[in-house]
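Any read-out appearing in this document is the output of simple, stated calculations on the displayed coordinates, not a laboratory observation. Just so you know, these numbers come straight off a predicted model, no measurement behind them. No Cβ is skipped: glycine too gets one built from the backbone with ideal geometry, and neighbour counts run over all protein chains shown.
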Amino acid sequence: MYSAEFQESLKKVEANRAANTALEPRRMTAQEKDDLLAAYHPDYKKSEFSELKIGPNKGEVVPHELVEILQAKSRIKASDINLEDVKYDVDVLVIGGGGAGTSAAIEAHNAGAKTMIVTKLRMGDANTMMAEGGIQAADKENDSPAQHYIDAFGGGHFAAKKELLAKLVCDAPGAIKWLNELGVEFDKDETGRMVTTHGGGTSRKRMHAAKDYSGAEIMRTLRDEVINLGIEVVDFTSAIELILDENGRAAGAVLMNMETKELMVARAKTVIIATGGAGRMHYQGFPTSNHYGATADGLVLGYRVGAKLLYPETLQYHPTGAAYPQQIFGALVTEKVRSLGAKLVNVNGEVFMHPLETRDVSAASIIRECSDRNNGVDTGSGKAVWLDTPMIEIIGGEGTIEKRIPAMMRMFASYGIDIRKEPILIYPTLHYQNGGLDINVNGMTTNVENLFVAGEAVGGIHGKNRLMGNSLLDIIVFGRNAGINAAATAKNVTVGKLSLEHIAKFDAEREAAGIVTDTVSPKLLPDYRGNKSGM
Ligand code: MEZ
């Protein structure tokens, strides 16, 4: 139920609904997309970026907020830690308890490695849990991994590391099978065949879903499997510094109990960073769809020991974050809403773009509509456009919303908005870190031995923009891959003398570059006291 100030615009949306539902908006040309991105996408706003003065990516520009934490001080000095007092001694140490971390741990454990997960919140407090719309895999007869590759490569501006993307799409059908056999309740039709839909930039319907809580369903299953297998999980404990051995290979981490602040040493033959994304960095003041712990910790841990980042300057702003009411500002409104037929409509009731352009293009188009074109709806805390959800019931028939996107229906119903009858207001929200640590096809970082990475902390799988559903896919494919390879590598590793010398080296580099800072990192949790949240 919308108050009086929205009624004039709402009347126009309703009046045009039938015609807008039937409309087939054209796709933008490549040139139009490039021009749009350059003018309106946040990644192209030069004033929001600065140069890294130290570390493996020295000379590259990344968001100011990321520069600050990458160049920051460690939370510890080497002299604070007795590296001989080893509390945990394992083959494979997995840092992070989301979808990538749990997938990695399951495979490492199944390969016979003594495996431990350390997670700063609880297992499953992760962006995986927040993912809604689905997971891509080309497993139907009209589709192929090659087709999936072409879609994702183009959508990512031809910048993906080819061998990583090839692995992603080729292993996708196997990932769905694995999840299905573990017990994920994918949507199926009456014959038992999985239901699939389109996402932005897909040429085939290959999005497999569990209604609109696909990530929660996948995370539930992975968490159960970790518990059933008896894998050790140390929760409410963060990794605050990696430990190398005397040969410069990853060999564990310094852990900190989040409550007591007790510091502990975990020694490991191989380490997997699976710390997830960065939405809580609130780049450029954007709100976020991410979970509370998404603060780019893995990038910091890896960077300080010399691991290189790939495309850290590219972020994904999900086109449809909730813009109203204020209580859910920035929350994810799944792309599946558009896959099911809802279109984006401006203050005048006009459809202004094809609803399934790729995410960066869609976000830039919405930003243009709300800025230079002055066609946004005033929400009281900014501008937004309508996502005309009642179109879904017109196209799919009564009951489609309740059946296919019940979480969306419930979220808005809590605030008196019935999305079956009324449209919703949306604006881009910070959703995904396209860039991250550079890995080879085995999941190991390209320049720190025995340090593996999986999930959102990896850069290069998707290039400079990710398609919907390829993240739930990459956490499974590259999570499992990292687990298998970390376990295999661990078999041939004898850990040398543990060392934290890299902290002093990084300090010296910072001083030589004339950087003065009081910031310590990893950040671990967001700090809303200064209200840099966009909320
Ligand atoms: O891949 C994603 O980010 C995803 C599935 C999000 C969504 O819109 O539901």
With θ taken as phi - 60° and the coefficients 6.51, -1.76 and 1.60, list the Karplus ³J(HN,Hα) couplings across segment 518-524 in order, rounded to whole Hz; mark glycine and proline as x. 9, 6, 10, 8, x, 6, 6
Check cross-link reach from LYS161 to the lysines: straight Cα distance under 18 Å, and skip same-chain residues fewer than eight apart. LYS308, LYS464
Could you pull out every residue, at least 5 positions away or on a different chain, whose amide H is within less than 5 Å of the one on THR288? Hs are placed 1.01 Å off N in the peptide plane, and Pro or chain starts have none. LEU430
Sites SER47 and SER414, calculated FRET efficiency, Cβ-Cβ separation with R0 45 Å, nearest 0.05: 0.75
Over the chain, the sum of -39500 (n - 2.57) across DSSP H runs of at least four, divided by residue number and rounded to 500 deg cm²/dmol, gives at 222 nm -9500 deg cm²/dmol
Can you tell me the FRET efficiency between ALA30 and THR260 if r is taken as the Cβ-Cβ distance and R0 is 60 Å, rounded to the nearest 0.05? 0.60
Quote the relative contact order of the chain in percent (integer), defining contacts as alpha-carbon pairs under 8 Å separated by 6+ residues. 26
Partner lysines for LYS403 [C-alpha distance under 17 Å; skip if fewer than 8 residues away on the same chain]: LYS188, LYS211, LYS336, LYS421
Lys/Arg +1, Asp/Glu -1 at C-beta; the chain dipole; positive extreme among GLY380, GLY443, HIS354: HIS354
Loop GluC sites (Glu not before Pro), segment 156-223, which have at most 10 other Cβ atoms in a 10 Å radius of their Cβ (DSSP): GLU190
From the phi angles alone, apply the Karplus equation (6.51, -1.76, 1.60; θ = phi - 60°) to segment 375-392 and give each ³J(HN,Hα) in whole Hz, x where the residue is Gly or Pro. 10, x, 8, 7, 8, x, 10, x, 9, 7, 10, 7, 10, 7, 4, x, 4, 4
Among the aspartates and glutamates, select those whose C-alpha is under 17 Å from the C-alpha of LYS205, and discard any that sit fewer than 8 residues away in the same chain. GLU132, ASP139, GLU141, ASP143, ASP151, ASP187, ASP189, GLU335, GLU357
Figure the gain on full extension for GLN326 and GLU501 (residue separation times 0.36 nm, minus the Cα-Cα span) and round it to one decimal in nm. 58.3 nm
Between VAL458 and residues 5 or more places away or on another chain, the pairs with built amide H atoms under 5 Å apart involve LEU437
Which of ILE395, ALA72, ALA100 sits closest to the plus end of the dipole of the chain, meaning its Cα is farthest towards the positive end, when Lys and Arg get +1 and Asp and Glu get -1 on the C-beta? ILE395
P(r) tail for the chain, what percent of Cα pairs lie past 46 Å? 11
Cβ charges +1 (Lys, Arg) and -1 (Asp, Glu), total dipole of segment 31-156, debye: 600
Net dipole in debye of segment 334-432 [+1 Lys, Arg Cβ; -1 Asp, Glu Cβ; about Cα centre; nearest 20]: 220
Two-decimal Rg to Rh for segment 153-267 - Kirkwood Rh, Cα set: 1.10
For segment 279-289, 3J(HN,Hα) per residue [Karplus equation, 6.51 cos²θ - 1.76 cosθ + 1.60, θ = phi - 60°, Hz, x = Gly/Pro]: x, 6, 6, 6, 3, 6, x, 6, x, 9, 8
Compare the peptides 425-436, 487-498, 363-374, 328-339 by average per-residue count of other Cβ atoms within 10 angstrom and give them in order, highest first. 425-436, 328-339, 363-374, 487-498
Span-like helices, the chain: DSSP H, alpha-carbon axial extent 24 Å or more, mean Kyte-Doolittle 0.0 or greater, which ones? 470-490
Lys and Arg at +1, Asp and Glu at -1: neighbours of ALA126 with Cβ under 11 Å from its Cβ sum to +1
Cβ-Cβ cut-off under 13 Å around THR446, Lys and Arg +1, Asp and Glu -1: the net charge is -1
Over the chain, what is the percentage of antiparallel beta bridges among all DSSP beta bridges, to the nearest 5? 65
Once label points are set 7 Å from the Cα along Cα→Cβ at both LYS77 and SER371, what is their separation, rounded to one decimal in nm? 4.6
